[in-house]
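J.: Okay, here's the structure, questions in a sec.
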Amino acid sequence: MRWTSTDSSSTSRQGLPEAGLRIPHPEQPFATLVAAGKNNSMCWNKPYGRDGIVAALDSLVTDGVLPDGLSFGRITVETPRDESHGHVATNAAMVLAKPSAQKPRELAEAIADKLRADNAVTQVEIAGPGFINITLSDDIWFRELADILRAGTGYGASDMGGGEAVNVEYVSANPTGPMHVGHGRGAAIGESLAALLDKAGYNVTREYWVNDAGAQIEILSRSLHLRYREALGEDIGEIPEGLYPGEYLVAPAKDVAAKDGDQWVSRDESDWLGVFRRYAIDAMMELIRADLDRLGIRFDVFTFESSMVETGKVQAALDYLTDKGLMYTGVLEPPKGKKPEDWEPRPQTLFRSTDFGDDVDRPLIKSDGSWTYFSTDIAYHWDKYQRGFKTQINIWGADHGGYVKRMQAAVKAMTAGDGNLDVKLCQMINLLDDGKQFKMSKRAGNFVTMADVVEKVGKDVFRFIMMTRKNDAQLDFDLQKVTEQSRDNPVFYVQYAHARIHSVLRHAADAFSVHELQPDALADADLTRLEDDAEKALIMQMANWPRIVESAALAHEPHRVAFYLNDLAASFHGLWNMGKDNTQLRFIVEGDRELTRARMALIRGVSLVIASGLEIFGVTPVEEMR
């Protein structure tokens, strides 16, 4: 996707209005509770961050003001919502007052005295029952900007995760056809979450669960056989109800006909069903992999449901539950609400899922002796745990909401409480084209394919837009609006900020050498020339990026990155607009080389942080828009 730049004055701060699309803010991000000493970010381990608070507390322990052995794990260090409350706030005094038998405000004063001795701290105030608000010197922010320039897009990376193994399972579309647009949302969210966890220091495995067993695969096999007969010249008429009507089966059916001839036409279904099952799954997985390639997504592991059965892992899981006394024969109550006419009480083998937080016990073996889908899912998640994944994250469609509690209960049971399953449900997408409902794909038969949408808007637009709402909120996706050049389009708004910055840098090349405008060289500029409050506020906002990475990773919420990028772009565009009436506030100031260079360092830092965020989404930052 390409846009045509509307930027006609790259050396001034003119153009878009100050405020862009106001993406709803998430709740206040998690504070990092135990990350001291693990992150290279401003807010956590530098002397004026969490480690600075801990150092002050350690000093009070040495002085005898605090007793030995106190836990600092519940202490938080956050950026206050209100700028008048300083740059950093901590609850240390309130957390430690009771275990140290002191009054919160008195302890807060003792902590404040220690912090005031730090040259990086210009002001410390006690608020309310004992919150400590800290204001830092300008030098701190200038040093942070220099750090951003030297770190490049690696700025914000953390080792908070400590290399912990995390399994993220997403997409996992049934191999019965190409991916639809809803699968695309799960793909974008899952991949972005995996990349976010990577950046936060976790060892992430991206996994796709292939449901290649069950009734839907038999239907697919019969549908392929019908198309195979068509490929051999038979008039099959309308596709019978109950089979898949999509034209995506035509090409693989022709491949089967070319390879095997007519040997399966007159044979009994029992002879050809297994053969066509293998052909169908291979063909559909090839389609799905091609769709994933369109989004730039690669999985580390594809695990097939059939392998769980064939290797005996399903039976092993049921044996484990039996040995633990967690299976019994019982009769379930009828479904809540209106009782189905065909419902009748019958004994089934049930899992005691209510012992682990579920609403009712769940059947694992039907009255006819066959396994339920739940049995296979239990074996699969146990297999993930046995592969070393205590932390498992699943991205599911909203229609699986009723399945979450039972699956979480199963993970608790199979891991003796050691494993943890977090399920993110993706709500539906309302797909529009200039305000009108987007038509279904003939190739798919009954849904809009992801490939159709990506072809129209491009990979980067698709992936970014999927991040502009929380996963459990419905998303309106208008094919026209997501590609227009408007401040109401978050993709354009963020990308335009990055492109604008590079436009300014190209203009600055008339006065500076290529080397002088490189990030490492700009880090040595006289950043104290950045005296305007808006310039300092922009640095502070950039310096908050590492905290956004950690808090979003802890909450498993990559959409927070999109919110942050939109706000950072809005701040940059606002700073640009300040030069409209005041030429001394333009980025390139004629006759003042050092101030211009400092401002090049400022906006170069913004571009690097934007690129760092877009990297998580798999989106390429643009340097010019056409």
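J.: Find the helices (runs of 4 or more DSSP H) located wholly in region 449-558 whose residues include 3 or more that are modelled with pLDDT of 95 or more and aromatic (Phe, Trp, Tyr), and list them.
T.: Qualifying helices (runs of 4 or more DSSP H): 490-508.
J.: Just give me the residues in region 386-424 being touching a residue at least 24 places away in the same chain (Cβ under 8 Å) and aliphatic (A, V, I, L, M), in sequence order.
T.: ILE393, ILE395, ALA398, MET407, ALA409, ALA410, VAL411, ALA413, MET414, LEU421, VAL423
The rows are residues; the columns are (1) among the aliphatic types (A, V, I, L, M); (2) closer than 25 Å to PHE477 by Cβ.
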position	(1), (2)
ARG150	no, no
GLY162	no, no
GLY177	no, yes
LEU193	yes, yes
LEU196	yes, yes
THR205	no, no
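J.: What pairs come out if I take residues in region 469-497 that are of a type in the set (D, E, K, R) and pair them with residues that are surrounded by fewer than 20 Cβ atoms within 10 Å (Cβ to Cβ) and assigned to a helix (DSSP H, G or I) whose C-beta lies under 8 Å away, six or more apart or interchain?
T.: As it stands, the answer is ASP472/ALA398; ASP488/LYS481, since those pairs meet every condition given.
J.: Does TYR170 fit the bill of being hydroxyl-bearing (Ser, Thr, Tyr) and farther than 22 Å from THR620 by Cβ?
T.: no
J.: Something else now. Any idea which of ASP488, ASP418, ASP422 is touching a His at 6+ places or on another chain (Cβ under 6 Å) and surrounded by fewer than 18 Cβ atoms within 10 Å (Cβ to Cβ)?
T.: Going through ASP488, ASP418, ASP422 in turn, just one is touching a His at 6+ places or on another chain (Cβ under 6 Å) and surrounded by fewer than 18 Cβ atoms within 10 Å (Cβ to Cβ): ASP422.
J.: Quick test for you: out of ALA525, ALA497, ALA509, pick the one residue that is hydrophobic (A, V, I, L, M, F, W, C), crowded, with 17+ Cβ neighbours inside 10 Å and over 23 Å from the mean Cα position of the chain (by Cα).
T.: Just a single option satisfies the conditions, and that option is ALA525.
J.: Would you pick out the residues in region 90-132 that are assigned to a strand (DSSP E or B) and farther than 22 Å from VAL61 by Cβ?
T.: Hits for region 90-132 are THR122, GLN123, GLU125, ALA127.
J.: Taking region 381-392 as the search range and keeping residues that are touching a helix residue (DSSP H, G or I) at 6+ places or on another chain (Cβ under 7 Å) and surrounded by 22 or more Cβ atoms within 10 Å (Cβ to Cβ), which one is farthest from ARG352 (Cα to Cα)?
T.: Filtering first and then ranking leaves GLN392.
J.: Pull up region 413-448, narrow it to residues that are among the acidic types (Asp, Glu) and either part of a loop (DSSP other than H, G, I, E, B) or modelled with pLDDT of 95 or more (or both), then point me to the one that is farthest from ARG185 (Cα to Cα).
T.: Selected residue: ASP418.
J.: Considering only region 346-380, state which residues are part of a helix (DSSP H, G or I) and modelled with pLDDT of 95 or more.
T.: Hits for region 346-380 are SER353, THR354, ASP355, PHE356, PHE374, SER375, THR376, ASP377, ILE378, ALA379, TYR380.
J.: Residue pairs, Cβ under 6 Å, 6 or more apart or interchain, first in region 579-596 and among the charged types (D, E, K, R), second part of a loop (DSSP other than H, G, I, E, B). List them.
T.: So the pair list comes out as LYS580/GLN14; ARG586/SER12; ARG586/ARG13; GLU594/ASP526.
J.: Out of LEU321, LEU326, LEU287, report the one residue that is of a type outside the set (Phe, Trp, Tyr) and touching an Asp or Glu at 6+ places or on another chain (Cβ under 8 Å).
T.: None of the others qualify; the one that does is LEU326.
J.: A further question follows. Output the number of the condition that GLY73 fails; it satisfies all remaining conditions of (1) within 37 Å of the chain's Cα centre (by Cα); (2) assigned to a helix (DSSP H, G or I); (3) over 24 Å from MET540 (Cα atoms); (4) not aliphatic (A, V, I, L, M).
T.: (2)
J.: Follow-up question, since we're still on this one. Does LEU220 satisfy being touching a residue at least 24 places away in the same chain (Cβ under 8 Å) and buried (at least 23 other Cβ atoms within 10 Å of the Cβ)?
T.: Criteria met by LEU220.
J.: Out of ARG604, ARG586, report the one residue that is in the same structural domain as ALA525 (by TED's automatic domain parsing) and at pLDDT 95 or above.
T.: Step by step, each of ARG604, ARG586 is checked, and only ARG604 is in the same structural domain as ALA525 (by TED's automatic domain parsing) and at pLDDT 95 or above.
J.: Let me ask something additional. Just to be sure, is ILE281 within 28 Å of GLN386 (Cβ to Cβ) and either of a type in the set (A, V, I, L, M, F, W, C) or in contact (Cβ under 8 Å) with a residue 40 or more places away in the chain (or both)?
T.: yes
J.: It is to be established whether one or more residues within region 611-623 are part of a helix (DSSP H, G or I), surrounded by fewer than 23 Cβ atoms within 10 Å (Cβ to Cβ) and among the hydroxyl-bearing types (Ser, Thr, Tyr).
T.: No: zero hits.
J.: Now for a different question. Can you tell me which condition ASP198 does not meet? The list is (1) within 36 Å of the chain's Cα centre (by Cα); (2) more than 30 Å from ALA562 (Cβ to Cβ); (3) not small (Gly, Ala, Ser), and all the others hold.
T.: That leaves (2) as the condition not met.
J.: Being of a type in the set (A, V, I, L, M) and either surrounded by fewer than 23 Cβ atoms within 10 Å (Cβ to Cβ) or at pLDDT 95 or above (or both) is the filter here, so list the residues in region 141-170 that pass it.
T.: LEU145, ALA146, ILE148, LEU149, ALA151, ALA157, ALA165, VAL166, VAL168 - these are the residues of region 141-170 that are of a type in the set (A, V, I, L, M) and either surrounded by fewer than 23 Cβ atoms within 10 Å (Cβ to Cβ) or at pLDDT 95 or above (or both).
J.: Which ones in region 87-119 are out of contact with any strand residue (DSSP E or B) (no Cβ under 6 Å at 6 or more places or on another chain) and in contact (Cβ under 8 Å) with a residue 60 or more places away in the chain?
T.: ASP118
J.: Filter region 298-335 for residues that are more than 21 Å from LYS384 (Cα to Cα) and touching a helix residue (DSSP H, G or I) at 6+ places or on another chain (Cβ under 7 Å) and give the result.
T.: Matches in region 298-335: MET327 only.
The values are calculated or read from the model by the stated rules, or taken from the named source; none is laboratory data. What you are looking at is a predicted structure, and each value in this text was computed from that prediction instead of being measured. Every residue, glycine among them, receives a Cβ derived from its backbone with ideal geometry; neighbour counts consider all protein chains shown.
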